[in-house]
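J.: Pasting a structure here, questions to come.
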Amino acid sequence: MKVTNQDGDIRINTFRKLDGLCWDIKQDYSKAATPGRFSRKNRGLTTDIVIAETDYSNYAILFLQQRRKITVKLYGRGINVNEAVQLKFRQLVISSNIPEIFIYEFPRYGHCDVADEFHQLDDDFGKS
């Protein structure tokens, strides 16, 4: 994931491997009145993001809300994330009344960090 500041708004590029190919999915979020909060509306669906914690160079913990469902995500700059950060994430999830059984790691075989020009998706195309 790569986050770019655009005059207070942010663009998030998420790199995902689908069918063996790396895709760059781009999403734009507008800054909310509260610091650390961002929102986007696409195809009638609103997604709100809160940056719960970050050190701005190694990790970020985000809350995402869509359709009254909350997801907590831990993003790191690399595949391996410091154990202290993982523990902090786990404690934040549990203190948010999300059962520990719902914490899981994504498989490492799906990691990629670059996509060619033919595998880029601007998810804001056609937003309403």
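The values are calculated or read from the model by the stated rules, or taken from the named source; none is laboratory data. Worth saying up front: this structure is predicted, and the values here are computed from it rather than measured. So basically every Cβ, Gly included, is an ideal-geometry build from the backbone, and we count neighbours across all protein chains shown. Surface accessibility is based on the protein's heavy atoms, side chains included, excluding ligands, DNA and RNA. Shrake-Rupley method; radii C 1.70, N 1.55, O 1.52, S 1.80 Å.
J.: Among the numbered criteria (1) surrounded by fewer than 14 Cβ atoms within 10 Å (Cβ to Cβ); (2) at pLDDT 85 or above; (3) outside any strand (DSSP E or B), which one does Gly78 miss?
T.: Result: Gly78 fails condition (2) only.
J.: Could I ask something else about it? Looking only at segment 10-53, how many residues end up being open to solvent by less than 80 Å² (accessible area, probe 1.4 Å), in a strand (DSSP E or B) and within 18 Å of Gln65 (Cβ to Cβ)?
T.: 20
J.: Here's a follow-up. Of the residues that make up segment 92-99, is at least one part of a helix (DSSP H, G or I), under 17 Å from the mean Cα position of the chain (by Cα) and at pLDDT 90 or above?
T.: Yes, segment 92-99 has at least one match.
J.: Just to be sure I understand, how many residues within segment 56-74 are surrounded by fewer than 16 Cβ atoms within 10 Å (Cβ to Cβ), hydroxyl-bearing (Ser, Thr, Tyr) and assigned to a strand (DSSP E or B)?
T.: Number of matching residues: 1.
J.: May I ask you to list the residues in segment 55-94 that are in contact with a Ser or Thr (Cβ under 8 Å, 6 or more places away or on another chain) and of a type in the set (Gly, Ala, Ser)?
T.: Scanning segment 55-94 gives a single hit, Ala60.
J.: Same structure again: If Leu18 passes every condition in (1) more than 15 Å from the chain's Cα centre (by Cα); (2) closer than 18 Å to Lys2 by Cβ; (3) in contact (Cβ under 8 Å) with a residue 40 or more places away in the chain but one, which one does it miss?
T.: The single condition Leu18 does not satisfy is (3).
J.: Could you look through segment 92-102, keep only residues that are surrounded by fewer than 11 Cβ atoms within 10 Å (Cβ to Cβ) and of a type outside the set (D, E, K, R), and pick out the one that is farthest from Gly36 (Cα to Cα)? So that I can check it myself, show each step before the final result.
T.: Narrowing segment 92-102 to residues surrounded by fewer than 11 Cβ atoms within 10 Å (Cβ to Cβ): 95, 97, 99-102.
Then drop every residue that is not of a type outside the set (D, E, K, R), which leaves 95, 97, 99, 101-102.
Values: Ser95: 19, Asn97: 21, Pro99: 25, Ile101: 28, Phe102: 25 Å.
Only one residue tops the list, namely Ile101.
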